[in-house]
């Protein structure tokens, strides 16, 4: 169920939580729980007029699914998720996809140790110029397809801490990163990867790539 937040109105999320916004419809001023939530799927999906969100009151300690949580929040300029407890989250597909105005995001405290899927995580976040991914635990992730697809303003990416030993799909992972000048993928384990289609397509600004360590023995497609 998508939550459409309008000026100074309260909204019920699956009859389990009520959210109240300020008079400008930009910030959460109250969150009331009727029961413990286990999913925030599509919580703010297509809330394309919201410019900022104060999520410090949001209890995410029991959440298992954050798929599409901020999908197409096209006016959001910044997100601070430093208060999020994501220790039980298993799915983050499309979580920030379509946040085209997003210029900064704080995900340094996200616990992703149980996350299995990150497909389209930052798809079309074409205003982001940098991302700190140093704290992401990707050891259980099997899907990273379209993860940075069309992040057209990113100038560098450091994935040196990524554990991709269980990843099977990397299709379009960096496709459309037209401003990307450098990328650190020296520690990527691709031994289980079956799909690499369009992996670096439209990466016009890349000056060099060291792919000598990539294991492509199980790859079916590199088109």
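The stretch between residue 74 and residue 158 holds 27.7 nm of extra length on full extension. This uses 0.36 nm per residue minus the Cα-Cα distance. For the chain, DSSP calls about 40 percent of its internal beta bridges antiparallel.
Would you please state which residues of the range 151-169 a label at residue 184 would reach in this model, taking the label point 7 Å out along Cα→Cβ and a backbone N cut-off of under 15 Å? Of the residues in the range 151-169, 155-163 have backbone N under 15 Å from the label point off residue 184. Suppose R0 equals 35 Å. What FRET efficiency, 1/(1 + (r/R0)^6) with r the Cβ-Cβ distance, do residue 168 and residue 205 give to the nearest 0.05? Here the calculated transfer efficiency is 0.80. Sorting 165-178, 108-121 by average packing, meaning the other beta carbons within 10 Å per residue, from highest down gives 165-178, 108-121. Fewest first, what order do 137, 132, 67, 145 take by the number of other Cβ atoms within 10 Å? If I rank by nearby Cβ atoms, fewest first, I get 132, 137, 67, 145. For the range 70-157, the percent of C-alpha pairs falling in each 10 Å distance bin, counted from 0 to the bin holding the largest distance, reads 19, 54, 27, 0. When the chain is treated as a Gaussian network with alpha carbon springs shorter than 10 Å, the biggest mean-square fluctuation among 59, 24, 158 belongs to 24.
Each of 194, 45 was scored by other Cβ atoms within 10 Å of its Cβ. Arranged with the fewest first, they read 194, 45.
Separation of the range 142-204 and the range 79-101, taken as the distance between their Cα centroids, equals 18 angstrom. Ranking of 193, 219 by neighbouring Cβ atoms within 10 Å, starting from the fewest: 219, 193.
FYI, it's all coordinate maths here, none of it is from the lab. All values derive from a computational prediction rather than experimental measurement. Positions of Cβ are generated from backbone atoms using ideal geometry, with glycine treated the same way; all protein chains shown enter the neighbour counts.
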